[in-house]
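**Q** Just passing along the structure, written as structure tokens.
The values are calculated or read from the model by the stated rules, or taken from the named source; none is laboratory data. Just so you know, these numbers come straight off a predicted model, no measurement behind them. Heads up, the Cβs are rebuilt from the backbone with ideal geometry, glycines too, and the neighbour counts pull from every protein chain shown. Remember, those area values only see protein heavy atoms, side chains included, never the ligands or the DNA or RNA. Shrake-Rupley method; radii C 1.70, N 1.55, O 1.52, S 1.80 Å.
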Amino acid sequence: MAVEITHFLLAAQSLDAKVRTDAESNLTQFREQNLPSFLLSLSIELSNDGKPTESRRLAGIVLKNSLDAKEASRKEHLVQQWVTIDASFKSQIKNLLLNTLGSSAWDACHTAAQVIAKIASIEVPRKEWSELIASLLVNMTQPDRPASLKQATLETLGYVCEEISHHDLVQDEVNSVLTAVVQGMNATEQNPAVRLAAVNALYNALDFAQTNFENEMERNYIMKVICEAAVAKEVEIRQASFECLVSIASTYYEVLEPYMQTIFELTSNAVKGDEEAVALQAIEVWSSICDEELELQEFEAPQSGDSSAPHSHFIEKALSTLVPMLLETLLKQDEDQDQEDGVWNLAMAGGTCLGLVARTVGDAVVPLVMPFVEANILKSEWRSREAATYAFGSILEGPSIEKLSPMVNAGLDFLLNAMNDVNSHVKDTTAWTLSRIFELLHTPAMGFTVISPSNLQRIVGVLLGSIKDAPHVAEKVCAAIYYLAQGYEDAGPNFSVLTPYLPDIIGCLIATADRTDGSDSKLRSSAYETLNEVVRCSNLPDTSSIITQLLPVIMTKLGQTVELQIISSDDRERQGDLQASLCGVIQVIIQKLSSDDGTKPIILQAADQIMMLFLKVFACRSSTVHEEAMLAIGAFAYATGPQFEKYLPEFFKYLEMGLQNFEEYQVCAISVGVVGDVCRALDDKVLPYCDVIMAHLLKDLSCSELHRSVKPPIFSCFGDIALAIGEHFEKYINYALPMMQSAAEVCAQIDNSDEEMMDYGNQLRRSIFEAYSGILQGFKNSKADLLLPHAPHLLQFLEMVAKDQHRDEGVTKAAVAVLGDIADALGSNIKTLYKDREFCMVLLHECLQSDDEQLKETAVWTQGMIGRVCG
């Protein structure tokens with residue numbers, strides 16, 4: 001039974017805090033005591049045109065929030081609540097919502113449309129509310145219905161299509177929806193609001209239109225209506241129509257051929273003369289086509305030139321007219337575009353699209369762009385110089401080194417001079433272009449670089465001078481230094497050419513990080529990230545003294561952050577960000593110096609002070625653990641090895657906090673990784689802590705609130721613990737193995753059509769194999785028999801994975817390794833289990849044919865182990 005709730009809804013918006021709190025309390029109580037009646041009362045409020053706008057608006061918001069939530073477990077709870085409500089209540093609520101679409105108050109119509117879609121998302125996949133689409137279509141087909149009702153209905157259809165899968169509707173329903181939507185889009189529709197709602201609805205319905213797009217006549221009609229709407233007199237309709245074309249270019253690329261001439265004319269006219277919002281979408285159409293063609297090129301079989309979908313080479317065909325159109329957009333910059341993050345304008349969209357075009361067609365783009373560069377690079381107008389530089393930087397990925405090399409070598413000196421340009425936009429784009437050159441055309445290890453000993457001094461000099469420029473320029477300069485250093489990675493002795501400049505580079509980066517003229521911490525983060533890369537890519541022992549001197553400097557800075565006065569939450573955030581950056585630098589220094597026996601003692605000598613600093617950083621927070629400090633501890637434990645034992649009693653409480661941090665799941669995952677690092681460092685000396693650690697890990701696995709990405713690292717961690725404590729892992733077997741076996745069953749049910757789920761499935765499978773490997777190796781010498789009952793299940797799981805085409809290389813390596821570990825640990829006890837396992841031979845044969853030497857080596861070892869057991 002419904003209750004009059006207008007008074008409570010209005011009071012809940014009162015300026016008087018007590019009135020507001022009392023009303024909220026009454027509404028909460030009503031919801032908890034009688035949810036069906038509560039939802040019905042809200043629906044009546046929303047549908048009643050005689051009620052105040054304020055109460056109706058809040059009724060709609062509360063209704064929507066009672067059906068949907070961002071957080072997955074909360075959303076599932078709300079769905080289950082709705083499902084269990086009596087059918088008669090649900091029917092009344094749904095009818096009221098459908099009636100609200102005809103309301104004279106647009107806010108109420110709009111909210112009802114959203115709520116209908118939320119209910120549809122629950123019921124339609126369950127084959128309930130089968131009459132929904134028919135009920136909505138009545139509003140479109142009966143001639144006497146007002147335009148506002150048609151608009152609300154189209155909006156509802158759009159939202160419903162957004163919420164449900166295209167598998168949830170039968171083709172007849174899809175046909176009816178598309179017919180209604182396309183009629184609403186037609187140029188004969190007099191009401192612009194109806195037409196706009198129809199275009200937006202089509203955008204959401206395009207995924208449903210697969211069968212219709214396969215039918216030439218239907219496809220022609222849909223495309224005709226979209227192209228007509230793309231030249232409507234209303235800006236919003238034109239913009240929404242181009243958004244449809246963007247989606248079609250991606251979803252239905254293979255049938256675009258007959259429409260490309262029209263699409264080119266529409267996009268070209270929009271880019272040259274329409275409002276920016278429309279022009280941006282018109283460029284996006286071409287970016288979308290590039291994305292499709294890049295994907296087709298990536299998956300094309302190189303021998304036959306054949307691929308699963310036709311490659312129509314639209315970009316190549318349109319190149320001579322498309323590139324000039326994009327180049328013109330580069331001259332339409334905003335005066336303040338470099339000052340703010342997130343700015344997106346015509347010049348940026350055009351440059352991004354030009355970059356995609358270059359990647360799509362390669363060398364062919366160069367002769368079309370270079371005349372524009374040469375014509376504009378010396379002009380007095382800053383826009384011309386910046387556009388020319390942006391064009392040059394945009395085509396550096398895609399064309400061959402042979403094509404790019406002469407022009408980059410010729411232009412490098414000019415670009416270095418341009419870092420002294422009077423205009424900051426030109427300097428910003430020049431620094432970005434230099435960073436692109438160093439990223440893409442500077443790999444001495446591969447035998448190619450545009451940097452030589454003769455120009456390196458000038459390059460470094462210009463970059464270190466320009467890093468003092470405005471923050472937005474300095475940030476791009478940091479990126480250029482980052483890629484300059486990265487290029488020398490794996491270059492061995494070649495890195496030594498950069499070594500003499502390292503003290504100055506490091507000094508400038510630290511000074512840049514200390515600048516206070518940046519509006520936020522972005523420049524500081526960039527400077528420290530670049531410093532990390534410089535250290536990481538440096539060549540020991542050449543640079544050991546430089547990096548050794550850097551360590552106390554960064555440690556002092558980290559120590560100073562602990563003393564900062566914290567008054568506000570902003571202060572706390574600033575402190576946390578600075579500590580994150582400095583812990584990151586210390587982590588990289590630890591990893592670098594500990595990687596060489598000659599420099600490892602430097603870390604061991606400073607270990608007490610380093611650990612004391614990390615503990616102070618942890619102590620700055622009361623309830624959460626510092627993510628970057630935890631990462632650094634992992635590197636520190638690995639570097640200090642057995643010596644880490646003395647730090648564990650003090651550190652352990654923070655490790656526990658991390659393992660219990662379900663909310664910040666990245667912190668939890670990193671903490672799990674650190675457990676592995678500690679196990680590798682301490683071996684069986686970690687035993688006294690294992691009961692508590694295993695209790696936390698098992699609890700994490702059982703927790704439905706914990707993000708699924710943390711679960712694979714936990715299984716890998718079981719292997720690390722078992723390897724460290726050997727036979728002592730026996731007491732955890734009855735808890736850990738059932739978890740691993742149920743996770744193996746989850747793997748069998750994962751939907752491989754969803755790329756994200758497929759990746760997760762691969763992570764999960766690899767981690768389960770790593771857990772088994774660790775346990776098998778840990779038990780090998782004394783308790784191997786304990787695993788005999790579990791061997792058939794493991795071999796069955798291995799067989800399922802071996803036959804799966806979707807497994808990645810990491811899974812294959814882990815599978816082959818555990819196959820050998822079974823034979824090595826369990827010996828002749830499992831001889832009979834291997835007898836009928838043809839998959840073992842097939843998998844080993846595949847791995848022995850691999851180009852990956854490590855995988856081949858593991859397969860040879862596994863083959864030997866199985867041969868020893870079965871021979």
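**Q** If residue 808 passes every condition in (1) under 34 Å from the mean Cα position of the chain (by Cα); (2) open to solvent by less than 30 Å² (accessible area, probe 1.4 Å) but one, which one does it miss?
**A** (2)
**Q** Filter segment 826-842 for residues that are β-branched (Val, Ile, Thr) and within 13 Å of residue 798 (Cβ to Cβ); which is modelled with the lowest pLDDT?
**A** If we take residues in segment 826-842 being β-branched (Val, Ile, Thr) and within 13 Å of residue 798 (Cβ to Cβ), then 830 is modelled with the lowest pLDDT.
**Q** Go over the candidates 244, 227 one by one and state the one that is among the hydrophobic types (A, V, I, L, M, F, W, C), under 19 Å from residue 186 (Cβ atoms), in contact with a Ser or Thr (Cβ under 7 Å, 6 or more places away or on another chain) and part of a helix (DSSP H, G or I).
**A** Numbers: 244 fails: in contact with a Ser or Thr (Cβ under 7 Å, 6 or more places away or on another chain).
Going through 244, 227 in turn, just one is among the hydrophobic types (A, V, I, L, M, F, W, C), under 19 Å from residue 186 (Cβ atoms), in contact with a Ser or Thr (Cβ under 7 Å, 6 or more places away or on another chain) and part of a helix (DSSP H, G or I): 227.
**Q** From the list 186, 200, 191, pick out the single residue that is among the polar types (S, T, N, Q) and under 36 Å from the mean Cα position of the chain (by Cα). Write out each step before concluding.
**A** On the way: 186 fails: under 36 Å from the mean Cα position of the chain (by Cα); 191 fails: under 36 Å from the mean Cα position of the chain (by Cα).
The conditions single out 200.
**Q** Of the numbered conditions (1) more than 20 Å from residue 461 (Cα to Cα); (2) open to solvent by less than 30 Å² (accessible area, probe 1.4 Å), residue 548 fails exactly one; give the number of that condition.
**A** Checking residue 548 against (1) more than 20 Å from residue 461 (Cα to Cα); (2) open to solvent by less than 30 Å² (accessible area, probe 1.4 Å), the one that fails is (2).
**Q** State all residues of segment 116-142 that are among the polar types (S, T, N, Q) and over 17 Å from residue 87 (Cα atoms); if no residue qualifies, say none.
**A** 135, 139, 141, 142
**Q** While we're on this one: Out of segment 295-312, which residues are more than 11 Å from residue 253 (Cα to Cα) and either modelled with pLDDT of 95 or more or outside any helix (DSSP H, G or I) (or both)? Step through it out loud before you land on a result.
**A** Here is the first cut: in segment 295-312, the residues more than 11 Å from residue 253 (Cα to Cα) are 295, 297-308.
Once the filter is applied, which keeps residues that are more than 11 Å from residue 253 (Cα to Cα) and either modelled with pLDDT of 95 or more or outside any helix (DSSP H, G or I) (or both), segment 295-312 yields 300, 301, 302, 303, 304, 305, 306, 307, 308.
**Q** Quick one: in segment 187-199, of everything that is under 11 Å from residue 232 (Cβ atoms) and modelled with pLDDT under 90, which residue is surrounded by the fewest Cβ atoms within 10 Å (Cβ to Cβ)?
**A** Per the stated criteria, the residue is 187.
**Q** Within the set of pairs 6 or more residues apart or between chains, which connect a residue that is under 21 Å from residue 711 (Cα atoms) inside segment 636-660 to a residue that is open to solvent by 50 Å² or more (accessible area, probe 1.4 Å) and polar (S, T, N, Q) with Cβ atoms less than 8 Å apart?
**A** Every condition considered, the pairs that remain are 657/623.
**Q** Moving on. Counting only residues that are within 25 Å of residue 373 (Cβ to Cβ), over 28 Å from the mean Cα position of the chain (by Cα) and not charged (D, E, K, R), give me the helices (runs of 4 or more DSSP H) lying completely in segment 400-510 with at least 2 of them.
**A** Details: elements: 401-418, 424-440, 453-466, 471-487.
Once the helices (runs of 4 or more DSSP H) in segment 400-510 are filtered for at least 2 residues that are within 25 Å of residue 373 (Cβ to Cβ), over 28 Å from the mean Cα position of the chain (by Cα) and not charged (D, E, K, R), what remains is 401-418, 424-440, 453-466.
**Q** Hey, another quick one. Note down all Cβ pairs under 7 Å where the first residue falls in segment 216-227 and is among the aliphatic types (A, V, I, L, M), the second is open to solvent by 20 Å² or more (accessible area, probe 1.4 Å) and in a helix (DSSP H, G or I), and they're at least six residues apart or on different chains.
**A** Close Cβ pairs satisfying both conditions: 223/259.
The rows are residues; the columns are (1) hydroxyl-bearing (Ser, Thr, Tyr); (2) not in a helix (DSSP H, G or I).
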| residue | (1), (2) |
| --- | --- |
| 633 | no, no |
| 643 | no, no |
| 658 | no, no |
| 662 | no, yes |
| 669 | no, no |
| 688 | no, no |
| 704 | yes, yes |
| 709 | yes, no |
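**Q** Any residue at all in segment 36-47 that is out of contact with any strand residue (DSSP E or B) (no Cβ under 7 Å at 6 or more places or on another chain), in a helix (DSSP H, G or I) and over 22 Å from residue 110 (Cα atoms)?
**A** Checked segment 36-47: at least one residue is out of contact with any strand residue (DSSP E or B) (no Cβ under 7 Å at 6 or more places or on another chain), in a helix (DSSP H, G or I) and over 22 Å from residue 110 (Cα atoms).
**Q** So which residues in segment 384-418 are of a type in the set (D, E, K, R) and open to solvent by 60 Å² or more (accessible area, probe 1.4 Å)?
**A** If we filter segment 384-418 for residues that are of a type in the set (D, E, K, R), which is where we start, we get 385-386, 397, 402-403, 413.
Passing the criteria: 397, 402, 403, 413.
**Q** Find the residue count for segment 744-771, including only residues that are open to solvent by less than 70 Å² (accessible area, probe 1.4 Å) and touching a residue at least 40 places away in the same chain (Cβ under 8 Å).
**A** 14
**Q** With outside any helix (DSSP H, G or I), within 21 Å of residue 240 (Cβ to Cβ) and among the acidic types (Asp, Glu) as the only criterion, which of 155, 189, 162, 218 stands out?
**A** 189
**Q** Hey, another quick one. Has segment 560-579 got at least one residue that is touching a Pro at 6+ places or on another chain (Cβ under 6 Å) and either within 25 Å of residue 627 (Cβ to Cβ) or open to solvent by 60 Å² or more (accessible area, probe 1.4 Å) (or both)?
**A** No, the conditions are met nowhere in segment 560-579.
**Q** Another question, if that's okay. Looking at segment 534-561, I want the residues that are assigned to a helix (DSSP H, G or I) and have a partner that is open to solvent by 60 Å² or more (accessible area, probe 1.4 Å) and at pLDDT below 90 with Cβ atoms under 9 Å, at least 6 apart or on another chain. Which pairs are those?
**A** Taking only residues 6 or more apart or on different chains, the pairs are 537/490.
**Q** A further question follows. In segment 654-682, which residues are charged (D, E, K, R) and over 18 Å from residue 703 (Cβ atoms)?
**A** 677, 680
Listed here are the residues, each with its yes/no results for (1) at pLDDT 95 or above; (2) assigned to a helix (DSSP H, G or I); (3) not hydroxyl-bearing (Ser, Thr, Tyr).
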{"site": "57", "(1), (2), (3)": "no, yes, yes"}
{"site": "62", "(1), (2), (3)": "no, yes, yes"}
{"site": "73", "(1), (2), (3)": "no, yes, no"}
{"site": "80", "(1), (2), (3)": "no, yes, yes"}
{"site": "104", "(1), (2), (3)": "no, no, no"}
{"site": "111", "(1), (2), (3)": "no, yes, no"}
{"site": "121", "(1), (2), (3)": "no, yes, no"}
{"site": "128", "(1), (2), (3)": "no, no, yes"}
{"site": "139", "(1), (2), (3)": "no, yes, yes"}
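**Q** Determine whether residue 378 is part of a loop (DSSP other than H, G, I, E, B) and modelled with pLDDT under 95. It would help to see each step written out before you state the result.
**A** Values: part of a loop (DSSP other than H, G, I, E, B): yes; modelled with pLDDT under 95: yes.
When the stated conditions are applied, residue 378 passes them.
**Q** Within segment 639-650, how many residues are crowded, with 17+ Cβ neighbours inside 10 Å and more than 12 Å from residue 682 (Cβ to Cβ)?
**A** Total satisfying the criteria: 1.
**Q** Right, something else. Looking at segment 250-284 only, could you name the residues that are open to solvent by less than 70 Å² (accessible area, probe 1.4 Å) and outside any helix (DSSP H, G or I)?
**A** Of everything in segment 250-284, those that are open to solvent by less than 70 Å² (accessible area, probe 1.4 Å) and outside any helix (DSSP H, G or I) turn out to be 252, 256, 274.
**Q** Pick from segment 109-139 the residues that are touching a Gly at 6+ places or on another chain (Cβ under 8 Å) and closer than 21 Å to residue 37 by Cβ: which of them is most open to solvent (accessible area, probe 1.4 Å)?
**A** Here the residue is 111.
**Q** Right, next: Restricting to segment 501-530, give me the number of residues that are open to solvent by 20 Å² or more (accessible area, probe 1.4 Å), farther than 18 Å from residue 466 by Cβ and modelled with pLDDT of 95 or more.
**A** Final tally of qualifying residues: 1.
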